[in-house]
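For reference, the structure discussed in these notes is given below.
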Amino acid sequence: MQIDLFALAAASPSEATATEEARRQLEICNACRYCEGYCSVFPAMTLSRAFSDGDVTQLANLCHNCRGCFHACQYVEPHEFKLNLPRALAEVRVESWETFIWPHGLARLFQKSGVSLAAAMIAGIALILAAAYALRPENGQGFYAVLSHTIMASLFSLASVLPLIVIAGGLWRYWRHVGGDRVTLAHLRSAFIDAGKLKNLSGGAAKGCNYEKEDRFTMSRRWAHQAVMWGFMLCFASTVSATILHYAIDLKAPYRLLSLPKLLGVPGGILMTLGGIELIRLKIRAEKALGAPAVWGGEMAFVLLLTTIAASGLALYGATGSAAVRPLLIFHLGAILAFYLTFPYTKMVHAFFRLAALVRDAQTRRD
């Protein structure tokens with residue numbers, strides 16, 4: 001059957017929703033298939049002849065916005081089809097986070113407003129500052145001379161568990177929407193390998209993204225993402241190891257450089273800081289029209305917050321034993337608190353949804 005591309009293009013209403021516009025573009029791409037060798041979106045796309053709302057949402061979250069398809073496409077403006085698939089999928093992706101994460105208003109607020117995220121950080125710092133002065137411990141060493149371990153552990157345990165519950169509910173709604181099936185170890189293994197390698201940031205020519213240099217491939221964005229991702233994992237492992245040392249063998253912070261928490265946390269902080277700085281540089285240089293322009297400010301604020309947490313953590317370690325520990329600790333903990341409480345409503349949630357999309361993609365490839 002011959003597919004009329006012009007009929008597909010003409011079928012789009014002028015005031016289409018994000019999902020309708022993405023569906024129009026996906027149907028044209030599926031008929032053309034010039035980019036079939038690109039990221040996982042394109043082979044997944046070819047498995048369908050028509051795209052339900054769930055299909056569009058799944059493909060949108062599978063997209064890593066490397067932008068290679070845009071620069072390879074013959075139907076971008078000034079062509080009358082006006083394809084811009086990276087932007088169309090980015091807008092559906094953001095819309096899906098806002099739809100599935102409850103309450104919806106908060107997601108919309110923090111996704112689109114860097115000012116709101118900055119205000120959350122200030123509020124977090126103020127809360128930690130108030131706790132530090134109102135609940136000053138009578139004794140304690142190092143960090144616990146500023147804020148007792150009990151208060152610190154209770155506050156951050158609650159702040160980390162509640163967002164995970166919210167995200168779990170959002171993922172369940174997403175999974176039902178995209179028609180997810182029973183998950184096996186093989187599906188999880190495939191998804192985690194793809195996520196760990198960031199395979200879909202290699203571009204169509206396996207040479208990287210077209211993120212900041214138009215039609216020139218570069219690995220900068222992939223390396224920066226790898227640095228932030230693995231830096232974050234090392235910092236998380238550092239926190240877990242410190243918790244075990246504290247409760248299992250009664251070895252309390254601050255820890256020496258050759259201790260496990262520092263051997264994990266310091267390299268992790270360096271990776272997060274350098275990767276975050278590079279992501280900020282790339283985002284400033286990148287073409288806004290190839291993403292979701294409405295959420296640019298919120299995304300930039302999120303990267304700045306993540307970088308600030310890593311950099312302030314390193315500064316705090318460097319200031320050990322000095323008078324600067326108290327203000328640096330309050331600033332660092334306030335930034336972390338803001339991060340925990342807002343991450344279901346910031347771009348941080350993309351990590352969870354993208355992993356779910358990779359699991360679903362593994363299912364469709366194996367079925």
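Treat the count of other C-beta atoms within 10 Å as a stand-in for reagent exposure and order Arg222, Arg136 from fewest to most.
Values: Arg222 22, Arg136 12.
Exposure proxy ranking, most exposed first: Arg136, Arg222.
Calculated FRET efficiency, Leu257 and Ala186, Cβ-Cβ r, R0 41 Å, to nearest 0.05? Could the numbers behind the result be given before it?
On the way: r = 41 Å, r/R0 = 1.01.
Result of the calculation: an efficiency of 0.50.
Please sort by residue number the GluC sites (Glu not before Pro) in region 17-48 whose DSSP state is loop and whose Cβ has at most 14 other Cβ atoms within 10 Å. Can you show the working numbers first?
Working: sites: Glu20, Glu21, Glu27, Glu36; in loops: Glu36.
Taking region 17-48 and a limit of 14 other Cβ atoms within 10 Å, the loop GluC sites (Glu not before Pro) found are Glu36.
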Seminar exercise, completed: So Trp102 and Val115, fully extended at 0.36 nm per residue minus their Cα-Cα distance, gain in nm 2.6 nm
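Let me have the 222 nm mean residue ellipticity of the chain computed from DSSP H runs of 4+ only, each contributing -39500 (n - 2.57), with the sum over all residues rounded to the nearest 500.
On the way: 15 runs with 242 residues, N = 367.
That comes out to -22000 deg cm²/dmol.
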Exercise. Does region 297-367 come out rounded, prolate or oblate by the C-alpha gyration tensor, with a ≥ b ≥ c the root eigenvalues, rounded set by a/c under 1.5 and, if not, prolate when a/b is larger than b/c and oblate if not?
Worked result: prolate
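Please go through region 75-161 and write out the trypsin sites (Lys or Arg not before Pro) that DSSP classes as loop and that have at most 15 other C-beta atoms within 10 Å. Could the numbers behind the result be given before it?
Working: sites: Lys82, Arg87, Arg93, Arg108, Lys112; in loops: Lys82.
Sparse-neighbourhood loop trypsin sites (Lys or Arg not before Pro): Lys82.
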Exercise. Assuming R0 = 41 Å, what is the FRET efficiency of Ala324 and Ala351, from their Cβ-Cβ distance, to the nearest 0.05?
Worked result: 0.80
For this session: Multiply the residue gap between Lys288 and Trp172 by 0.36 nm, knock off their C-alpha separation, and tell me the result in nm, one decimal place.
Result: 38.7 nm
Problem set entry | From the coordinates shown, volume of the Cα convex hull per residue in Å³ corresponds to which of (1) 182; (2) 144; (3) 160 | (2)
For this session: Mind putting a number on the dipole of the chain about its Cα centre? Charges go on the C-beta only, +1 for Lys and Arg and -1 for Asp and Glu, and I need it in Debye to the nearest 20.
Result: 880
For this session: Extending each Cα 7 Å along its Cβ direction at Glu77 and Arg281, get the distance between those two points in nm, one decimal.
Result: 3.0
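Give the calculated FRET efficiency between Leu158 and Ala134 to the nearest 0.05, with a Förster radius of 22 Å applied to their Cβ-Cβ distance.
Values: r = 18 Å, r/R0 = 0.80.
Result of the calculation: an efficiency of 0.80.
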Exercise. What shape does region 5-98 take by its C-alpha gyration tensor, where a ≥ b ≥ c are the square roots of the eigenvalues and a/c under 1.5 counts as rounded, a/b above b/c as prolate, and the rest as oblate?
Worked result: rounded
Exercise. Residue farthest toward the positive end of the dipole of region 52-143, with Cβ of Lys/Arg at +1 and Asp/Glu at -1: which of Ala126, Val76, Trp97?
Worked result: Ala126
Problem set entry | Inter-label distance, nm, simple model (7 Å from Cα along the C-beta direction), Ile122/Arg49 | 5.8
Seminar exercise, completed: Here, Ala315 and Arg365, labelled 7 Å along Cα→Cβ, have an inter-label distance in nm of 4.3
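Taken together, the values in this text are just the output of simple stated rules run on the coordinates, not laboratory data. Only a predicted model underlies this, so the values are computations on that prediction, with no experimental measurement involved. So basically every Cβ, Gly included, is an ideal-geometry build from the backbone, and we count neighbours across all protein chains shown.
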